[in-house]
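Colleague: My questions all concern the structure below.
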Amino acid sequence: MSITPAESLLLGESLAIQAIRDQLKSAAATDAPVLITGESGTGKDLAARVLHELSQRCRHNMVKVNCPAIPSQLFESELFGYESGAFTGARAAKLGKFEMACHGTLFLDEIGELDIALQAKLLRVLQDFKVVPLGSVEERPIDVRLICGTNRNLQAEVQNGSFRSDLFYRINVLNIKMPSLRTRTGDVPILMNHFIGLYSNQFGQRPKPLSSSAMQILEKYPWPGNLRELENLAKRYVVLGGEEHVLSSLREPVHSEAVQLEKADINTPLRIQTKRALQTLERQIISDVLRAHKWNRRSTARSLDISYRALLYKIKEAGLPSIRNTRGAAKLSQPDNHEGLCQ
C-alpha cells in the first residue's frame, strides 16, 4: 500500500503505526473534532500535522496553541483576539488563534492543562463556533477544524472533577491514541537512521552508521521519553560520534539526585498534591534538558517540543537560574538564535 508524503512523516513499518496512518486518513475525510492522546514524546503534534495535510483544509493554515504556555490572564486575547484600545497597550487590533486558523485547522496541544475557568471560556466558543474579541460586542463566526492533544487521561480527569465533561464530549468525537515507542521497537532502526541522516545534514557531520549490535541494544531499550528521547540520542551521536557515547547513556543508572516526591498529606486535596508533584517533576526535567544543551534555551525548547516563549515562562515559573546567572553556562552554550529543525 502506497504512503502519501504527509503520512510518511509518521515513519515506521509496525502494525501500530500503520493503524495510526489508517485512522488519520479516515479522520481526514471528515471535519469532526479529533482528540489525540498518548504519552509525552509520542508525536501527537506530528499526527495533527499529518491529519491537517491529508484533509481538504490543507491549503489553509494550521495553527498550534500550546495551552500550558498561555497565562490565564491572556487566554481570551490570545485565542479570541482583541480590538484597538481594548486594554492598555492594545494600540491595534489583533486576530486571535481561532481567526488565524480560519478555513484551516486549530490544534490545541495539552488541552488537559487548562483550568476549569478557562475550559468554560473555550466551551462557549466551541458550542456555536463564534468568537467575540476583547473590546468588541460583535460575534464573529469561525470555520476551523478542531484537533486537541493531551498526555492525560481526560476520562479520569472528568471523574475527579478537574476537566469538564461537556468540553470532553465536545472535543472527543474521534479519538486517536499514539503508541509508545516501546510498543513498536521494530521501528527504532528506521527512526534512528532517519534522525541521524537529518542531523548529519544539519550539523555538517558524517558519523559512521551504527553497528547491528548497537541497534539491537536500542531496540531492547524501553524509551521512557519515546520519539523525543530517541531524537535527542541521534543528535548526541551525530555531534559526539562513537557508539559508546550513545550506549553508555542508556546504561546509566537513575541519578540519586532525581526528583523525590513529597510524602502524601492527608489534609490536602488530591488535585493540589498532584499538581505540586507535577510541578516538581517538570522543573527537574527542564533543568536536566537545559544542562544537556549547555543552557542553550532555543535548543532546549526544540528538544522539549515547546515554544521558546513557553520555555522562558516555565523557567521563570520554576525559579530556575537564567544563563546570565549560571556559572560558565554562557561560555559553553551556542548562541540562542541558532536555528535548527523543530520536530
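Colleague: Identify, please: which residue in region 266-313 is assigned to a loop (DSSP other than H, G, I, E, B) and hydrophobic (A, V, I, L, M, F, W, C) and is, among those, modelled with the lowest pLDDT?
Modeller: I266
Colleague: While we're looking at this one, here's another question. Give me a count of the residues in region 94-117 that are β-branched (V, I, T) and surrounded by fewer than 20 Cβ atoms within 10 Å (Cβ to Cβ).
Modeller: 1
Colleague: So, one more: Please determine, by comparing only the residues of region 81-119 that are of a type in the set (F, W, Y) and under 22 Å from the mean Cα position of the chain (by Cα), which one is nearest to L154 (Cα to Cα).
Modeller: Out of the qualifying residues, it is F107.
Colleague: Same structure, new question: Taking region 164-219 as the search range and keeping residues that are outside any helix (DSSP H, G or I) and aliphatic (A, V, I, L, M), which one is nearest to V125 (Cα to Cα)?
Modeller: So, considering only residues that are outside any helix (DSSP H, G or I) and aliphatic (A, V, I, L, M), the one nearest to V125 (Cα to Cα) is V173.
Colleague: Kindly indicate whether D187 is touching a residue at least 40 places away in the same chain (Cβ under 8 Å), within 29 Å of S72 (Cβ to Cβ) and among the acidic types (D, E).
Modeller: The answer is no for D187.
Colleague: Can I ask one more? Can you tell me which residue is modelled with the lowest pLDDT among those in region 1-58 that are in contact with an Asp or Glu (Cβ under 6 Å, 6 or more places away or on another chain) and part of a loop (DSSP other than H, G, I, E, B)?
Modeller: Looking at the filtered set, the residue picked out is A6.
Colleague: Go through the residues of region 35-49 one by one and say whether even a single one is free of Cβ contacts under 8 Å to residues at least 60 places away in the same chain and under 30 Å from I286 (Cα atoms).
Modeller: Yes, the conditions are met somewhere in region 35-49.
Colleague: Checking E139 against (1) in contact (Cβ under 8 Å) with a residue 40 or more places away in the chain; (2) out of contact with any Ser or Thr (no Cβ under 8 Å at 6 or more places or on another chain), which test does it fail?
Modeller: Result: E139 fails condition (1) only.
Colleague: Still on this structure, I have one more. Given (1) exposed (fewer than 13 other Cβ atoms within 10 Å of the Cβ); (2) within 23 Å of the chain's Cα centre (by Cα); (3) touching a residue at least 24 places away in the same chain (Cβ under 8 Å), where does E157 come up short, assuming only one miss?
Modeller: (1)
Colleague: Any idea which of E219, E231 is surrounded by 20 or more Cβ atoms within 10 Å (Cβ to Cβ) and modelled with pLDDT of 90 or more?
Modeller: E231
Colleague: Further question: If only one of S249, S212 is surrounded by fewer than 16 Cβ atoms within 10 Å (Cβ to Cβ), of a type in the set (S, T, N, Q) and in contact (Cβ under 8 Å) with a residue 12 or more places away in the chain, which one is it?
Modeller: It is S249.
Colleague: Please verify whether G242 is at positive phi and surrounded by fewer than 16 Cβ atoms within 10 Å (Cβ to Cβ), treating the condition exactly as stated.
Modeller: So G242 passes the test.
Colleague: I'm told P209 meets every condition in (1) at pLDDT below 90; (2) at positive phi except one. Can you identify the failing condition by its number?
Modeller: Looking at each condition in turn, P209 falls short on (2).
Colleague: Among (1) surrounded by 19 or more Cβ atoms within 10 Å (Cβ to Cβ); (2) of a type in the set (D, E); (3) in the same structural domain as A27 (by TED's automatic domain parsing), which single condition is D187 missing?
Modeller: So the condition that D187 fails would be (3).
Colleague: Name the single residue that is modelled with the highest pLDDT among those in region 314-337 being exposed (fewer than 12 other Cβ atoms within 10 Å of the Cβ) and among the polar types (S, T, N, Q).
Modeller: By that ranking, first place goes to N325.
Residues are listed down the side, and each one gets a yes or a no for (1) of a type in the set (D, E, K, R); (2) without any contact (Cβ under 8 Å) to a residue 24 or more places away in the chain:
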| site | (1), (2) |
| --- | --- |
| S72 | no, no |
| G85 | no, no |
| G89 | no, yes |
| E110 | yes, no |
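The values are calculated or read from the model by the stated rules, or taken from the named source; none is laboratory data. Remember, it's a predicted structure, so these values are computed and weren't measured experimentally. Cβ sites come from the backbone with ideal geometry, for glycine too, and all protein chains shown count toward neighbours.
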